[in-house]
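A.B. asks: Below is a structure I'd like to ask you about.
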Amino acid sequence: MTITGIAAIGAGIAVIGAGLGIGKIGESAMNAMARQPEIQGKLQTSALILAAFVEAVALFGVVASLIV
Amino acid sequence: MTLNTLRAVLFLVFSVAISNFGFATQDNDDQDKPFNAKEMIMHHVKDGHEFHIVDWNNEPITIPLPIILFTDNGLTTFMSSEFQHDDSGSQIVEKNGGRFVKYHEKIYQLNAGVDALAFNEEQHPTNASLPLDFSITKNVFMMWVSVLVLLLIFISSARKYKKTNSLVPSGIASFMEPLIIFIRDEVAIPMIGEDKYKKYMPFLLSVFFFIWINNIFGLIPILNGANVSGNIAFTLSLALFTFVITLFSGNKNYWKHIFWMPGVPVPMKIFLMPIEIIGMFVKPFSLTIRLFANITAGHIIILSLMSLVFIFKSEFIAPVSVGFSLFIMIIEIVVVAIQAYIFTVLSALYIGTATAEDNH
């Protein structure tokens with residue numbers, strides 16, 4: 001297998017991690033919204049920001065596979 | 001849906017259609033060689049020496065930008081139009097006793113007595129040197145445009161406050177005031193603290209609006225040659241500002257927590273010291289990579305969806321790829337604001353940890 005193939009597999013693994021993370025954030029945000037609909041707006045913004053954090057970690061993987 | 005949102009969505013659809021048209025005309029002219037999506041994407045994501053707008057009748061329409069080189073013979077300047085859109089290193093420009101070629105958006109100075117570039121196996125030129133390049137590239141150009149736009153917005157809104165003498169904002173100021181209040185009340189005060197936040201407000205506001213407006217300019221299709229905030233040098237220098245401000249505003253407690261962590265046994269103190277020192281440098285590094293990777297990835301996704309049309313060589317893919325890139329475009333509008341916000345929040349957080357008083 002060439003080094004590009006290995007890099008693609010690495011990017012795929014990073015995407016799995018990010019998917020799990022964002023899914024977990026979404027699950028907890030939905031739970032919290034169902035329990036306390038009155039602070040839905042606040043929960044939504046913090047969920048979005050946390051999703052951006054998780055996404056950034058996945059993008060580190062993308063950058064690493066771009067460099068290879 | 002109100003009229004304004006409808007208008008915004010229509011404008012978005014129209015701009016995406018225009019950008020598609022731009023790529024289409026650009027990539028149709030070289031029928032003989034197969035379409036290389038990676039090459040096209042990298043050309044759009046990277047910095048360049050001329051501002052490419054659109055191809056018209058196989059003739060590229062560009063804005064030439066000045067090239068400023070520092071060679072052995074001193075300062076050498078000329079316009080990038082003298083290369084006549086050549087990027088393969090075959091057009092030689094003679095200036096100030098040196099002969100220059102442009103190869104993959106880099107300016108090389110040919111060695112004496114050489115007429116063409118020679119390459120080694122890794123496609124690096126072997127008979128030319130790289131002079132110091134201080135050119136006004138398209139990223140620098142776009143950065144100046146956004147600085148100009150920011151100056152216009154903020155000077156005019158500041159003038160409004162001065163003129164009316166009332167606390168109620170009007171005009172553009174009524175749009176900017178909530179954003180500034182938001183940065184002050186949601187970012188600066190909770191992260192840095194009520195008594196110290198004022199000193200850091202100019203930095204936080206500048207960083208927020210500068211990153212945001214550069215991100216937005218990166219999304220506008222006709223300007224999408226410039227990927228300013230997806231340039232690692234740009235994000236690194238912004239992160240270095242945060243780093244230097246953090247270092248210089250660090251108080252006694254901050255340095256104590258780094259070099260001799262209070263409240264833990266001595267072996268643990270020795271163990272924690274290198275970790276804390278590494279952590280000090282990792283923070284600006286992660287700021288750099290986060291912004292760079294997010295913005296560049298957005299550009300790459302949109303361009304890859306567009307190049308699907310040329311990879312499959314079929315018009316029936318076009319609605320799919322335009323639809324998908326419209327969807328990504330809408331996500332990107334949120335992402336560019338969130339990334340500017342996150343950079344500001346993390347900068348404020350790092351400054352806040354450096355200035356916090358010891359209260360345990």
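A.B. asks: Within chain B, which whole H helices from DSSP have a Cα span along their axis of at least 18 Å and a mean Kyte-Doolittle hydropathy of 0.0 or more, if any?
C.D. replies: Within chain B the helices that satisfy the rule are B:3-28, B:138-164, B:201-219, B:232-249, B:266-312, B:318-355.
A.B. asks: Using a 10 Å cut-off around each Cβ, can you sort B:L151, B:L346 from fewest to most neighbouring Cβ atoms?
C.D. replies: In order of increasing Cβ crowding within 10 Å: B:L151, B:L346.
A.B. asks: Something else now. When the gyration tensor of chain B is built from Cα positions, what are the square roots of 5 times its three eigenvalues, in whole Å, from largest to smallest?
C.D. replies: Three semi-axes, in Å: 41, 30, 22.
A.B. asks: Which of the peptides B:61-73, B:227-239, B:308-320 is most tightly packed, and how do the rest follow, judged by the mean count of other Cβ atoms within 10 Å per residue?
C.D. replies: Answer by packing, highest mean first, reads B:227-239, B:61-73, B:308-320.
A.B. asks: Sort B:D115, B:D55, B:D358 so the one with the fewest other Cβ atoms within 10 Å of its own Cβ comes first.
C.D. replies: Ascending number of Cβ neighbours within 10 Å: B:D115, B:D358, B:D55.
A.B. asks: Working from Cα positions, state the angle (0 to 90°, nearest 10) between the long axis of helix A:3-35 and the longest principal axis of chain A.
C.D. replies: Tilt of helix A:3-35: around 0 degrees.
A.B. asks: Hey, another quick one. On average, how much area does the Cα convex hull of the protein assembly as shown cover when viewed from any direction, in nm²?
C.D. replies: 29.3 nm²
A.B. asks: So for region B:122-192, taking the charge dipole from beta-carbon charges (+1 Lys/Arg, -1 Asp/Glu), which of B:V147, B:M191, B:S170 sits furthest toward the positive end?
C.D. replies: B:S170
A.B. asks: Same structure, new question: Which entries in B:K198/B:K283; B:K106/B:K138; B:K199/B:K256; B:K256/B:K283; B:K138/B:K283; B:K196/B:K252 show an alpha-carbon gap greater than 20 Å?
C.D. replies: Where the Cα-Cα span goes over 20 Å, the pairs concerned are B:K198/B:K283; B:K199/B:K256; B:K138/B:K283.
A.B. asks: Same structure again: How would you rank B:W56, B:W260, going from fewest to most other Cβ atoms within 10 Å of each one's own Cβ?
C.D. replies: In order of increasing Cβ crowding within 10 Å: B:W56, B:W260.
A.B. asks: Quick check: convex hull over the Cα atoms of region B:264-337, volume per residue in Å³, rounded to an integer?
C.D. replies: Roughly 119 Å³ of hull volume per residue.
A.B. asks: Starting from the Kirkwood Rh over alpha-carbon pairs, what translational D in µm² s⁻¹ does region B:228-360 have by Stokes-Einstein at 20 °C and 1.002 mPa s?
C.D. replies: D = 121 µm²/s.
Where a number appears in this text, it was derived from the coordinates with a stated rule and is not lab data. Note that the coordinates shown come from a computational prediction; the quantities given were computed from them, not determined experimentally. Counting neighbours? That spans all protein chains shown, and the Cβs are built from the backbone with ideal geometry, glycine included.
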